[in-house]
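Each remark here refers to the structure printed beneath this line.
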Amino acid sequence: QKLLLQNADVPVIMNTYFSQKVLLSEHSEAREKTYGPTKMLIRKNIISLAQTFRLDDLDDKLHQESSDNQVACALQLRNNGDSKQHPFARSAVNDSLLDMVESQGAVGWREVQVRVIIQRVYCLPAREGYRSHTQGNKPLCATPGMNSDPPNVRLCLLVQDAYGMFSEVQMQSLSSTDDIEQYCRRWEGKSCCLAGMKILQRTTRGRALGLFSLIDSLWPPAVPLKVPGQSQDSEMMTTNLPPPSFCYILTVQSGEIHVEVDEEEQISNLYQPPAVHGLKEILRIDDCNKRCSFWAQVLYRRVQTKHNVPIDQRDILLFVTDSTLQNVVHGIPKVLAVSVTASCVLSMEIREALSAGSRLVFFKDALWGNGRIICVERTVLLLQKPLLCLAAGADLSKLTGPVRLDELDSTTQASSICALRGTVVGVNESTAFSWPTCDRCGNGKLELCPQDRELLYCDQCSEVVTTPVLKMQLEVFLRCPSRSQSTVKVKVWHQISIGVSGVVRLALFVLLTMLLFLQTYEVQSVLGKEVGLLNCYVHSITSHPNCVALEEIVLL
C-alpha cells in the first residue's frame, strides 16, 4: 500500500501481512450504528511513520525512543496488563493466530505460543527450496517412488484457532510416507501449541483454490466461535461469520521445539471429522470443487501414459465402486473413475496394495466437480477408515456378490471401463504381435543387458529381468446390439510368463488369440462366434467415423 505522510515529501510503500482500513472520524457515528463499537485487539502506541523511517531531522535520542516504543507495540499481547515486562520472557499461550502474526511478524515466534486445533493431517510434495540436503542433485519427485530413496514429501497440518482462523503448518520431511496414517489417527482433532513458527506466505482464495476448497469443507464451524474484540462469554460467540478469505502458510524453524500435541486430551468440539458419503450420493452433488470422503472398492488401476515422465510421477486412474452403486438397477453408473494426480502423495503401503489386487480404500477429502472425482494435494488415501468419521446416511457395507460393470451402450464415455458382448465380424491379422515386458513394473521397452546379451534389462527398475512376461495382442471387430451403428474395435491379448512361474494369465478371448498366434485354424472358422462378457477399457469414441476403440482388461 502506498502511504502519503503528512509533512513529508517521500511516499512510503508498506507491505503488510494483514490490514484493516479504519473509516475517518466523521463516519464513525454511522459505522457504530451499523457495526457496533469497535474494540482494539492489541493495544498499540501510535508512532509517527516519519519517525519510524527517519524522514525528518530527529536526534538519536528520539530515534532510540521511537524504536523502543515500536518494539514494545509490535509485541504487545492481548489482555496482558504488564506492558513493562519483556515480551520474550512471557510463556503465556495465546488463542489467536492473527494476533500472533500481528505481534510477532514474519521473523519467527519466540517463546510465545498459540493454541490451535488440528483439523487435518496430510503430506505435500516438498518444494525445491526446502529439500533435504541429503538428496544432493537428485531430481525433485512429486510423489514417493518405488526406489529406496527417501520420499521428498513434507508433513503438514491444517490448524484452526478459536476465532475460526486457519493456517497450514508445513513441518519436517518424512522418512516414510507410511507414517501419515498414524499421524492422522494420533493428531487429528487434538489441540496443540505452535511455537517457533515463521511465515512462508499469506495466501488467498484466488491463489490457492485447493487449500480453500478444504477449508470450505470445514466451514461453518462445528461450535460457535469467539468474536475478536468482544468479551468471550458464550452469548457473545457466533457462527454467523463468512468463511475465511486468506490463510497463512507457516513453517518450522530449525533447531527449535515447534509443535506440541496433547495426544492424551479428548477430541476438541471444534474438530470436524470427514463426512463419509456413498458414491451414489456424491453423484448428486451440484457444487463444483467440493471436497468429499468415501469408502470404495478399487476394481482397476491404470497409469496414464506420459512420455519422458517417470512412472511414479504419472497420473493414475482408479475405477471404484461401492454397494450404493452396485445395488442400483438403472440410471446411475455402477463404476466411477477417480483421477489421482501426481501431486497427491500416496504412501508406499497404498501403492503396493493397489498393485497387488482389489482393495477397499478410504478416500479422504477428494475433490468433486464437473462430474469427476479427483485426488489432489491434501487428499489422503488410507487402507483403514478413520476412527472418527461421519457416515452421512451412506451404506458403507462391503460388496457381497460379484462386481458388475455397465455394458457398452450409447452413454458409454471414453476413459471408462465397461462390459462387452457381441459377434465377431472381423480380425485384423496385421496387428498381431508379441513383446516381452518387465514382470515388476510392466515396462514394455526392455533392452539387452550390457553385461550379458542373453538377458533383458529394464531401465525403469534399473535391474535385470530374469522372468519377463510375454504379451501378445491383436485387434478384432465385433457387432454389438447396444452400439449397432458403431464399429466396435477391441484389442485382445494374453500374456505368458517366461520362467519358473509358468502361465500367469490367459485372456478371456483365448479362442481367437490361441488360434491366430499358434496358426492352428483359419480365421474364417471364428467369424460369427459370440463373445462376452469381456471387461474392457474404452480408449476412444469417435463420430466420424463412428467407432469405439476398446482394450480387454483384467479387474484386480
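Note on the range 217-233: among residues that are more than 14 Å from residue 270 (Cβ to Cβ) and either surrounded by fewer than 16 Cβ atoms within 10 Å (Cβ to Cβ) or over 22 Å from the mean Cα position of the chain (by Cα) (or both), the one that is modelled with the highest pLDDT is 227. Taking the criterion of being among the aliphatic types (A, V, I, L, M), more than 18 Å from residue 493 (Cβ to Cβ) and in contact (Cβ under 8 Å) with a residue 24 or more places away in the chain, the only residue of the range 431-470 that qualifies is 465. Out of the residues in the range 109-133 meeting the condition of being part of a loop (DSSP other than H, G, I, E, B) and modelled with pLDDT under 65, tell me which one is surrounded by the fewest Cβ atoms within 10 Å (Cβ to Cβ). Out of the qualifying residues, it is 132. On the stretch given as the range 328-349, residues that are without any contact (Cβ under 8 Å) to a residue 60 or more places away in the chain and either surrounded by fewer than 18 Cβ atoms within 10 Å (Cβ to Cβ) or part of a loop (DSSP other than H, G, I, E, B) (or both) total 6.
Residue-by-condition table, conditions (1) at pLDDT 70 or above; (2) basic (Lys, Arg); (3) farther than 19 Å from residue 319 by Cβ; (4) assigned to a strand (DSSP E or B):
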| residue | (1), (2), (3), (4) |
| --- | --- |
| 485 | yes, no, yes, no |
| 496 | no, no, yes, yes |
| 501 | no, no, yes, no |
| 513 | no, no, yes, no |
| 524 | no, no, yes, no |
| 531 | yes, no, yes, yes |
| 541 | yes, no, no, yes |
| 550 | yes, no, no, yes |
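Which ones in the range 354-363 are over 12 Å from the mean Cα position of the chain (by Cα), closer than 23 Å to residue 152 by Cα and crowded, with 19+ Cβ neighbours inside 10 Å?
354
Quick one: is residue 185 open to solvent by 50 Å² or more (accessible area, probe 1.4 Å) and modelled with pLDDT of 90 or more? Here the answer is no, as residue 185 does not meet what is asked. Within the range 252-276, residues that are at pLDDT 85 or above have Cβ atoms under 8 Å from residues that are acidic (Asp, Glu) in these pairs: 271/188; 273/188; 274/365, counting only partners at least 6 apart in sequence or on another chain. Taken together, 394, 366 contain a single residue that is at pLDDT below 85 and open to solvent by less than 30 Å² (accessible area, probe 1.4 Å), which is 394.
Screening the range 429-470 for residues that are outside any strand (DSSP E or B) and small (Gly, Ala, Ser) and picking the one that is farthest from residue 356 (Cα to Cα) gives 462.
The values are calculated or read from the model by the stated rules, or taken from the named source; none is laboratory data. No experiment lies behind these values; they were computed from the predicted model shown. Heads up, the Cβs are rebuilt from the backbone with ideal geometry, glycines too, and the neighbour counts pull from every protein chain shown. Please note that ligands, DNA and RNA were not included when accessible areas were found on the heavy atoms of the full protein model with its side chains. Shrake-Rupley method; radii C 1.70, N 1.55, O 1.52, S 1.80 Å.
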